[in-house]
Amino acid sequence: MRAEDVLPDQQNQGQFNGVTVRKGTVGAFLANARQWLDEASSDAERRSAERDIVDALPALHALGLFDILQVRDAKLRALVSTADA
């Protein structure tokens, strides 16, 4: 399966397990995770990244991301599991 099979070019969001997921959600999660883990990030950048990570969790779970992949970083894994509870 290719990316365009999941969401065609002209489509920006889709329904997955009853949740609307925007195209780019996984990529944004990865960018925010990098920002959140980067020691050079400011407190404001880290807070913003954390808020965006938490907001994306319902969509990421609807996609089944964490059913297949495990977060390797312990701090990020704790954030994902705490915010998910």
| remark: The extension gain from D52 to D5, computed as 0.36 nm times the residue separation minus the Cα-Cα distance, is 14.3 nm
| request: Please give, to one decimal in nm, the separation of the simple spin-label points placed at R34 and T82, each 7 Å out from Cα toward the Cβ. | output: 2.4
| task | Measure off, as a whole percent, the carbon and sulfur share of the 1.4 Å-probe accessible area of the range 13-56, all protein chains present. | result | 47
| Hz values of 3J(HN,Hα) by residue in the range 13-21 - Karplus curve (6.51, -1.76, 1.60), Gly and Pro given as x | 7, x, 9, 10, 6, x, 10, 6, 10
| Using alpha carbon coordinates only, what is the Rg to Rh ratio of the chain, with Rh defined as the Kirkwood radius? | 0.99
| note | A student asked for the Cα radius of gyration and Dmax of the range 18-67 in angstrom ought to give 11.4, 38
| request: Show that you can apply the helix-only estimate: for the chain, add -39,500 (n - 2.57) for every DSSP H stretch of four or more residues, divide by all residues, and state [θ] at 222 nm to the nearest 500. | output: -18500 deg cm²/dmol
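The values are calculated or read from the model by the stated rules, or taken from the named source; none is laboratory data. The shown structure was predicted, so the numbers you read here are calculated from the model rather than taken from an experiment. FYI the Cβ positions are ideal-geometry reconstructions off the backbone, even for glycines, and counts take in every protein chain you see. Only protein heavy atoms, including side chains, enter the accessible area calculation; ligands, DNA and RNA are left aside. Shrake-Rupley method; radii C 1.70, N 1.55, O 1.52, S 1.80 Å.
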